[in-house]
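These notes are about the structure you will find just below.
The values are calculated or read from the model by the stated rules, or taken from the named source; none is laboratory data. Note that the structure is predicted; figures quoted are calculated from it, not measured. As a convention, Cβ positions derive from the backbone with ideal geometry for all residues, glycine included, and neighbour counts pool all protein chains shown.
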Amino acid sequence: MKIGLVSLLRAAWIAAILPILVASLPCACLSSFYRHVLTFASRGKIKPSSSSKFTVPQRFFLHFYVVSVAWTTVLLLMTWFYAYQIVPFSSEPFHYSTVASHLTGGSHILSIHKSSSTPVEHRHSVWKSLFLLLLMEVQVLRRLYETVYVFNYSPSARMHIFGYLAGIFFYTAAPLSLCSICVPEVLSFAAHRMAEFIVNGRGRMPNIEFDWLGYVKPLTNLGWCQWIGAAIFIWGWIHQSRCHSILGSLRNHGKQSDEYEIPRGDWFEVVSSPHYLSEIVIYAGLLVASGGSDITIWLVFGFVVANLVFAAAETHRWYLQKFDNYPHNRYTIIPYIY
């Protein structure tokens, strides 16, 4: 099951990345394919007004974050309970051979039978996955808040149904990919506890004592790699929040106008799509926090970069066409590079 899930996730991410990479190639023979990918991926202001077939309102972005908050929360709680009950992680001494693995987020996958016989490397991997889910939860909760209270989507703003489904896929598969190393064990544990509850009833279930310190303290025993990744994540998180506030302020809540203004402030002074740049920084933080040893998380990051660079190029082109006084010193998405 574990191998099947990981292989399925990796195949799905590769299938999502390849069309974007092919469409981005500067080849005239691919122009038709590029237009099709653009039709599927474009939304809001960069979506051609003539492309109204098979579209949904852009305000359906809310669905992405409702699904993601619910799904990430379920995975987070199940993983946290599993980690505490089955694979407790403490600051026990390491042999020299395991110190490097601890600091970089070792990803050995071994069967779990008892917490006392579970290798330190695997226990670290489970708590590391929990840490990644915790960061993801912080991200999607903020995005849900912004969708409800910060953004005011125009009634005419649309996105292709394919793009809508791709968004649902991303916010379902991304949290799963962050904990794919242990999620089969977590789901098996949850199913076993549920079956035990159904058979024995609540009265015969063992009492569960909530040791809040025991649930949190193992996270402090994670390696420097996780905390450096968290710092990068927070850096991108703060700037994305600021950039989204700037974008939200451009449209006066209560006015349903389709007029656009040039956004200014924060990273908007350097690039045209700083909210996309900060999203890349956020997922780079998750990648660093993972230890960089999981190919699945690399593929998640690859999809984020490919998708957002493609969208940022169209956004930059739209700004240049829309505004004669648009600052020409702004880069597309990567400062001083692109």
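Worth a mention:
- Taken over segment 269-304, the criterion of being over 30 Å from residue 11 (Cβ atoms), surrounded by fewer than 20 Cβ atoms within 10 Å (Cβ to Cβ) and hydrophobic (A, V, I, L, M, F, W, C) is satisfied by 270 alone.
- Test: residue 102 is buried (at least 19 other Cβ atoms within 10 Å of the Cβ), outside any loop (DSSP other than H, G, I, E, B) and modelled with pLDDT under 70: yes
- Any chance residue 184 is touching a helix residue (DSSP H, G or I) at 6+ places or on another chain (Cβ under 8 Å) and surrounded by 21 or more Cβ atoms within 10 Å (Cβ to Cβ): no
- Among the residues of segment 315-338, those that are among the polar types (S, T, N, Q), in contact (Cβ under 8 Å) with a residue 24 or more places away in the chain and not in a helix (DSSP H, G or I) comprise 325, 332.
- Checking 308, 299, 277, 286 one by one, the residue that is touching a strand residue (DSSP E or B) at 6+ places or on another chain (Cβ under 7 Å), closer than 22 Å to residue 139 by Cβ and in a helix (DSSP H, G or I) is 277 and no other.
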